[in-house]
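Structure record follows, encoded as structure tokens.
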Amino acid sequence: MKTQSVFENDQELNRLATQNRLLRECEEPFYRRFFNGYHQLRLLDLGCNDGSKTVDRFDVPEIRKVVGLEIQEELAHRAQTRYGSKKFSFYPGNVEALDFQGKLEQIMEREGVEAFDIINASFVLMHLKNPVALLEGLRRFLAPGGRIVIEEADDASSGLTPDADQLFRQFLQMLETDPWAGNRRCGEHVAGWIEQCGYRQVLQHPGTVRAGGEQTERKRDMFETFFSYLPLDMEILCREEPDNRDYAACVEWLRQHYEGLRAAAMSEGTEIAVGIRLIAGEGGERTP
């Protein structure tokens, strides 16, 4: 899993806070179907970041215990300091580490959790070398009838209308060259992956965060949240790999076109859309 220190600074955390607010409207109806009618649920949240989204989404009466794991150790400690409680516990954890399952078992024993009713992973698989391996390994941690819930980017559904100069399309193509942005088309494949791993009753919910017309503030939030990190990423990558022609070409394109693209996205005559996909599958052993 590729990471960078920029994810630990306050500017990035503010960006993620806005992103979480924008995504909530798409996520809420999907999550509710797994909460309603249940009680005392135990939930594992992979990629919990600084814990703010975890608490916002899962501090509901139906859930008794939440364990959050975050690859950035500093963020995991920040989450535990701010939100740690009898209900919420946060730990550093790398899902691609060879000892991941053993460390998760230790955490579960410490927290008194025998199995999870829900395992949630938001924008985690897109950063993994082998997401199928993680999906296969997580099944053993689900309670009978337990569900895995995945949220991923789906840039096949992202767009700017109109986009006569194809600036937005070119921008999306450049995102694919950014190793820190992950696999932006990951959402298209998750349902097939979890079926391959033996999960049952697979559900999919394509979602789109949209803004159009005079929704200037919302457009600004969307653009700054979902796309503004690319120029900084490319500057860092160029410094680290000065001979990489792809990164250099991206920096030059951004120098020439980024402000024009941003202005087009803010225009009253455009609509901007960011695609995501929510997928769930039942993975625990069935109750006799």
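The values are calculated or read from the model by the stated rules, or taken from the named source; none is laboratory data. Computed from a prediction, not measured in an experiment: that's the story for all the values here. Heads up, the Cβs are rebuilt from the backbone with ideal geometry, glycines too, and the neighbour counts pull from every protein chain shown. Keep in mind that these areas ignore ligands, DNA and RNA; they rest on the heavy atoms of the full protein, side chains included. Shrake-Rupley method; radii C 1.70, N 1.55, O 1.52, S 1.80 Å.
Take ALA211 and decide whether it is of a type in the set (Gly, Ala, Ser) and open to solvent by 50 Å² or more (accessible area, probe 1.4 Å).
Considered against the rule, which asks whether it is of a type in the set (Gly, Ala, Ser) and open to solvent by 50 Å² or more (accessible area, probe 1.4 Å), ALA211 comes out as no.
Cβ-Cβ distance below 6 Å, separation of 6 or more or different chains: which pairs start in the range 187-215 with a residue that is under 18 Å from LEU142 (Cα atoms) and end on one that is among the small types (Gly, Ala, Ser) and modelled with pLDDT under 95?
TYR199/GLY283
Identify all residues within the range 96-117 that are of a type outside the set (A, V, I, L, M, F, W, C) and either in a loop (DSSP other than H, G, I, E, B) or touching a residue at least 60 places away in the same chain (Cβ under 8 Å) (or both); write none if there are none.
Of all residues in the range 96-117, those of a type outside the set (A, V, I, L, M, F, W, C) come to 96, 99, 101-103, 105-106, 109-112, 114, 117.
Answer for the range 96-117, where residues must be of a type outside the set (A, V, I, L, M, F, W, C) and either in a loop (DSSP other than H, G, I, E, B) or touching a residue at least 60 places away in the same chain (Cβ under 8 Å) (or both): GLU96, ASP99, GLY112, GLU114, ASP117.
Filter the range 33-45 for residues that are under 22 Å from LEU104 (Cβ atoms) and exposed (fewer than 14 other Cβ atoms within 10 Å of the Cβ) and give the result.
The answer is GLN40, and nothing else.
Under the condition of being among the basic types (Lys, Arg) and assigned to a helix (DSSP H, G or I), which residue from the range 66-95 is least open to solvent (accessible area, probe 1.4 Å)?
Ranking the qualifying residues of the range 66-95, first place goes to ARG78.
So, in the range 128-160, how many residues would count as being surrounded by fewer than 21 Cβ atoms within 10 Å (Cβ to Cβ) and out of contact with any helix residue (DSSP H, G or I) (no Cβ under 9 Å at 6 or more places or on another chain)?
7
Rundown of residues vs (1) at pLDDT below 95; (2) over 19 Å from GLY260 (Cβ atoms); (3) in contact with a Gly (Cβ under 8 Å, 6 or more places away or on another chain); (4) of a type outside the set (Asp, Glu), yes/no style:
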position: GLN170; (1), (2), (3), (4): no, no, no, yes
position: GLU176; (1), (2), (3), (4): yes, yes, no, no
position: ASN183; (1), (2), (3), (4): yes, yes, no, yes
position: GLU188; (1), (2), (3), (4): yes, yes, no, no
position: ILE194; (1), (2), (3), (4): no, yes, yes, yes
position: HIS205; (1), (2), (3), (4): yes, yes, no, yes
position: THR208; (1), (2), (3), (4): yes, yes, yes, yes
position: GLU217; (1), (2), (3), (4): yes, yes, no, no
position: ARG220; (1), (2), (3), (4): yes, no, no, yes
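Restricting attention to the range 46-65, which residues are polar (S, T, N, Q), open to solvent by 20 Å² or more (accessible area, probe 1.4 Å) and touching an Asp or Glu at 6+ places or on another chain (Cβ under 7 Å)?
Residue satisfying the conditions is ASN49 alone.
If you scan the range 187-222, which residues turn out to be over 15 Å from ARG147 (Cβ atoms), hydroxyl-bearing (Ser, Thr, Tyr) and touching a strand residue (DSSP E or B) at 6+ places or on another chain (Cβ under 9 Å)?
Answer for the range 187-222, where residues must be over 15 Å from ARG147 (Cβ atoms), hydroxyl-bearing (Ser, Thr, Tyr) and touching a strand residue (DSSP E or B) at 6+ places or on another chain (Cβ under 9 Å): just THR208.
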